[in-house]
Amino acid sequence: MTNSKTGFNYFNIDTDRYQDIRIKRLKKDFSCAGISIYDYILCEIYRVKGCFIEWDESTAFDVAEYFGIKESLVTEVVNYCGVVGLFDKALLTNGRILTSLSIQKRYIDMCKRAKRNDLKIPDHVKIREECAKLPEESPKLPEKTDNPPVVCPRVDKSRVDKSKVEDVYTHTHEATQAEVDFQKFKSWITENASQVSKMKEPFTIQEFEKLKVDFDVGFIQHLLLVMHNYKPLLQKNINSNLTFRNWAKRETHGQTIKPTSKATDIDAVVGAMFEAAGM
């Protein structure tokens, strides 16, 4: 007889989970309440459907009622988990689903250990490995265009001096990796922190490169969202970089925020800000 059970009575936890920068940031910004809310939802995911849970008012109420806290705090923590990558942001935003690539991988592994033959992750929640890759793992810009070179109209050679004939091939500027990363950074701001993108003096590529050296990714992302949610931002501030650094000093009480990623690992730093691959 086929075992039709979906959830589990237990699930495995990595012993180094509290070294994860996303968990550290969650704890810093929401204290123990943030960790408790996240852990409660993980238990519900593995207990009920095994690899995901619908995110709705009932789920928020259940969590809030259990801990005796406001539903608004639960919602804020869940959205934050989507931003930092503890939950898949796309499925949370578009499908109201809480899951991640790592949750689904762990679920598959647990099913295999339990020798369940009916293992299946519903298509509408399944995160495919290639779709969850960080942007740095996506194909690089081609070194040469596949299109044939554009040639000028035929010219009568007898009437034109060869020394005056210009190169007829189209020359295109190939973007450097730093430029590609900077464009991703600006696109992320436009999509997630639009108020910052409207400031009179936006970030320059040089300021962006220095930002990655001085701060870790989670902090950059967090502070940009804080700036975005500050209503008088555009009335009281002009320069994006100076505003960010002034707010960083105030939020950290003047302490230096050391990067948790290698400053030279540009792709990883940028990629983590746009589409996390799951826990």
Elements of type helices (runs of 4 or more DSSP H) contained in segment 22-126, each with 2 or more residues being over 20 Å from Leu225 (Cα atoms) and of a type in the set (D, E, K, R): 57-67, 101-113
All positions within segment 190-207 that are surrounded by fewer than 19 Cβ atoms within 10 Å (Cβ to Cβ), assigned to a helix (DSSP H, G or I) and out of contact with any Asp or Glu (no Cβ under 8 Å at 6 or more places or on another chain): Thr190, Glu191, Asn192, Ser194, Gln195, Ser197, Gln206, Glu207
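Mind listing whichever residues of segment 35-85 are in contact (Cβ under 8 Å) with a residue 60 or more places away in the chain and in contact with a strand residue (DSSP E or B) (Cβ under 6 Å, 6 or more places away or on another chain)?
Of segment 35-85, the ones in contact (Cβ under 8 Å) with a residue 60 or more places away in the chain are 42, 46, 50-52, 83-85.
Within segment 35-85, just Phe52 meets the criteria.
Examine segment 49-62 for a residue that is of a type in the set (Lys, Arg) and farther than 15 Å from Gly7 by Cβ, and state whether such a residue exists. Can you show your working first?
Quick first cut of segment 49-62, residues of a type in the set (Lys, Arg) only: 49.
Subset that is farther than 15 Å from Gly7 by Cβ: none.
Checking segment 49-62: not a single residue is of a type in the set (Lys, Arg) and farther than 15 Å from Gly7 by Cβ.
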Pairs, first free of Cβ contacts under 8 Å to residues at least 60 places away in the same chain in segment 109-129, second outside any loop (DSSP other than H, G, I, E, B), C-beta under 6 Å, six or more apart: Leu119/Cys111
Pairs with Cβ under 8 Å, 6+ apart, first in segment 206-222 and on the phi > 0 side of the Ramachandran plot and free of Cβ contacts under 8 Å to residues at least 24 places away in the same chain, second surrounded by 19 or more Cβ atoms within 10 Å (Cβ to Cβ) and assigned to a helix (DSSP H, G or I): none
Any hit, segment 56-71, residues being farther than 23 Å from Lys126 by Cα and surrounded by 17 or more Cβ atoms within 10 Å (Cβ to Cβ): yes
Verdict on Leu101 being at pLDDT 90 or above and touching a helix residue (DSSP H, G or I) at 6+ places or on another chain (Cβ under 6 Å): no
Residue within segment 11-21 that is among the polar types (S, T, N, Q), in contact with a helix residue (DSSP H, G or I) (Cβ under 9 Å, 6 or more places away or on another chain) and either more than 28 Å from His222 (Cα to Cα) or not in a helix (DSSP H, G or I) (or both) present: yes
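The values are calculated or read from the model by the stated rules, or taken from the named source; none is laboratory data. Given the structure is predicted, the values throughout are model-derived calculations rather than measurements. Cβ sites come from the backbone with ideal geometry, for glycine too, and all protein chains shown count toward neighbours.
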